[in-house]
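Here the structure comes first, spelled out in structure tokens, and everything after it is commentary.
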Amino acid sequence: MADFGNRNSDKIRRRTRSTANLRDVSKNNYTPPVEKEKRENPRKKRKRRSIKLKNRRLAVLVIFIFVIILLALFSIFSKNAYDITVDGESVGVIKKTNIEVSDINNTVIAGIEQQLGSKIQINEEIGMKAVRASKKDMVTIDYVISKIKENVTYKVEAAVITVDGIEAAVLSNTAEADKLLNEIKSEYIPEDKKDKMEASFVEDVQVVSKYVNSDDIITADVAKSKFQQTTKVSKTYTVQSGDTLSKIADAAVMTMDELYAENPGITTTLKLGQVVNILVDKPALSVKTIETNVFTEIAKKQVKYQTDSSKPASYQKVIQQGSDGQKEITVQTIRINGFEEEQAVVSENITQEPVDEIIEVGAK
């Protein structure tokens with residue numbers, strides 16, 4: 001009976017605890033029983049830590065190897081130099097800097113312009129390409145500039161002399177061309193007549209600026225020889241007072257045989273105003289000179305008569321004494337290449353008026 005009573009007591013207590021727990025849940029104060037913390041095996045724990053450490057070391061090693069590979073690739077494939085080219089042909093490799101191809105181009109042009117004294121345009125294209133090169137293969141920028149100058153051709157701003165619209169000679173600059181043309185004209189002006197003569201070209205001669213190939217430029221001496229090359233042309237000459245055949249031939253720089261060949265049937269007896277055929281040397285540039293001379297001449301007095309019907313016809317008396325005056329005559333002589341073409345009076349000015357002489361005559 002005692003055991004039965006104990007069992008009943010235990011049941012009552014379990015029910016009471018269950019009921020109490022139910023009450024706690026209904027009041028939201030239920031707390032689940034705490035499970036006992038599972039304790040990890042120390043061996044497994046040490047093994048797991050060892051694996052993590054190895055993984056970390058392996059990751060560091062992989063990263064290190066990757067960085068080394070990147071550095072090696074950068075060292076192998078990175079561009080540390082510039083290959084400078086002229087129309088695609090290499091003239092030298094320089095160390096990589098901040099220099100640009102325009103800087104090289106401008107330096108080359110400036111150097112050539114300073115040497116020539118005129119502006120230029122380079123025909124070839126200067127290029128620059130990034131490359132990888134060893135130090136022993138690199139050269140200085142000054143060396144590259146010198147090699148570019150040796151390998152480029154260029155157009156130069158030059159002075160082109162045109163004759164009747166046709167390009168006849170190319171000189172370095174306008175100043176040189178003008179100097180040459182003035183020298184050619186001055187050869188037809190004697191030293192003692194510089195103040196009396198002016199010269200120009202028969203042809204239409206112009207000097208124009210143009211970019212040309214440097215090989216087309218010639219020296220002033222070569223151009224002068226070219227312009228002074230002559231050909232024989234036929235001209236007519238009008239015989240003047242004192243002329244002889246030999247004098248005319250000498251003046252035209254002809255032999256007597258040449259003069260006779262140009263004038264069949266001519267005799268040694270020449271007439272004033274007779275037209276004779278001659279040969280003259282005509283250069284590529286013909287120079288026309290105009291010589292102006294001023295001469296002083298007498299302005300003749302005029303004689304005037306007054307009639308006096310109260311006087312006999314034999315009567316004559318000077319009632320006003322006349323006198324000559326003076327006048328200046330300006331004469332221009334035109335020559336082509338030193339040979340006289342024309343002479344003309346261009347003006348007459350009275351510098352001292354003449355006084356008329358008046359004579360009284362009888363008319364009875």
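Taken together, the values in this text are just the output of simple stated rules run on the coordinates, not laboratory data. Because the structure is predicted, anything quoted here is derived from the model rather than measured. A quick note on method: Cβ atoms are made from the backbone with ideal geometry, for glycine too, and the neighbour counts reach across all protein chains shown.
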**Item:** Length gained when the stretch Gln326-Ala220 is fully extended (0.36 nm per residue, less Cα-Cα span)
**Value:** 33.2 nm
**Complete:** Here D for segment 307-364, in µm²/s, from Stokes-Einstein with a Kirkwood Rh over Cα pairs at 37 °C and 0.692 mPa s, works out to 217
**Of the DSSP H helices in the chain, those whose Cα atoms cover at least 24 Å axially and whose Kyte score averages -1.0 or more** = 42-77
**Request:** Would you mind estimating how fast segment 104-197 diffuses translationally, via Stokes-Einstein at 10 °C and 1.306 mPa s with the Kirkwood radius over Cα pairs, in µm²/s?
**Result:** 92
**Asked** How far apart, in nm, are two points set 7 Å out from the Cα along the Cα-to-Cβ line at Leu70 and at Asp178?
**Response** 6.8
**Asked** Is the shape of segment 158-229 best called rounded, prolate or oblate, per the rule: a/c under 1.5 gives rounded, else a/b larger than b/c gives prolate, else oblate, with a ≥ b ≥ c the square roots of the Cα gyration tensor eigenvalues?
**Response** prolate
**Ellipticity estimate at 222 nm from DSSP helix runs (n ≥ 4, -39,500 (n - 2.57)) divided over the chain, nearest 500** = -11000 deg cm²/dmol
**Prompt:** Which pairs, out of Lys196/Lys301; Lys224/Lys288; Lys149/Lys210; Lys271/Lys301, put more than 25 Å between their alpha-carbon atoms?
**Reply:** Lys196/Lys301; Lys271/Lys301
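Over 20 Å between Cα atoms: which of Lys193/Lys300; Lys194/Lys235; Lys300/Lys327 fall into that group?
Working: Lys193/Lys300 30 Å; Lys194/Lys235 27 Å; Lys300/Lys327 10 Å.
From Lys193/Lys300; Lys194/Lys235; Lys300/Lys327, over 20 Å: Lys193/Lys300; Lys194/Lys235.
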**Message:** Averaging the inverse of every distinct alpha carbon separation and then flipping it gives the Kirkwood radius. What is it for segment 233-362, in angstrom units?
**Reply:** 19.1
**Request:** Compute the projected area of the convex hull of the Cα atoms of segment 119-255, averaged over all viewing directions, and report it in nm² to one decimal place.
**Result:** 14.7
**Complete:** Residue separation between Gln316 and Ser134 times 0.36 nm, minus their alpha-carbon distance, gives in nm 53.1 nm
**Prompt:** For segment 178-308, what class follows from the C-alpha gyration tensor (a ≥ b ≥ c being the square roots of its eigenvalues): rounded when a/c is under 1.5, otherwise prolate if a/b is larger than b/c, else oblate?
**Reply:** oblate
**Fill in**
With a Förster distance of 41 angstrom and the Cβ-Cβ distance between Phe295 and Thr255, calculated FRET efficiency to the nearest 0.05 equals 0.70
**Complete:** Mean separation of Cα contacts under 8 Å (at least 6 apart) over the residue count of segment 81-152, i.e. the relative contact order in percent, is 48
**Request:** Report the full-extension gain for the segment Glu113 to Lys196: residue separation times 0.36 nm, less the Cα-Cα distance, to one decimal in nm.
**Result:** 25.7 nm
**Request:** Taking the dipole about the Cα centre of the chain, with the C-beta of Lys and Arg at +1 and of Asp and Glu at -1, give me whichever of Tyr154, Ser186, Val318 is farthest to the positive side.
**Result:** Tyr154
**Message:** Give me the net charge for the shell around Pro283: Cβ to Cβ below 15 angstrom, other residues only, Lys and Arg +1, Asp and Glu -1.
**Reply:** +3
**Prompt:** Where does the charge balance sit around Lys300 when Lys and Arg score +1, Asp and Glu -1, over other residues with C-beta under 11 Å from its C-beta?
**Reply:** -2
**Request:** Would you calculate the separation in nanometres between label points at Leu53 and Glu341, each defined as 7 Å from the Cα along the Cα-to-beta-carbon direction?
**Result:** 11.7
**Request:** Would you work out the charge dipole size for segment 158-229 about its Cα centre, treating the Cβ of every Lys and Arg as +1 and the Cβ of every Asp and Glu as -1, and quote it to the nearest 20 debye?
**Result:** 60
**Prompt:** Over all Cα pairs of the chain, how is the pair count split among 20 Å bins, expressed in % and running from 0 up to the last occupied bin?
**Reply:** 15, 20, 17, 14, 9, 8, 6, 5, 4, 2, 0, 0
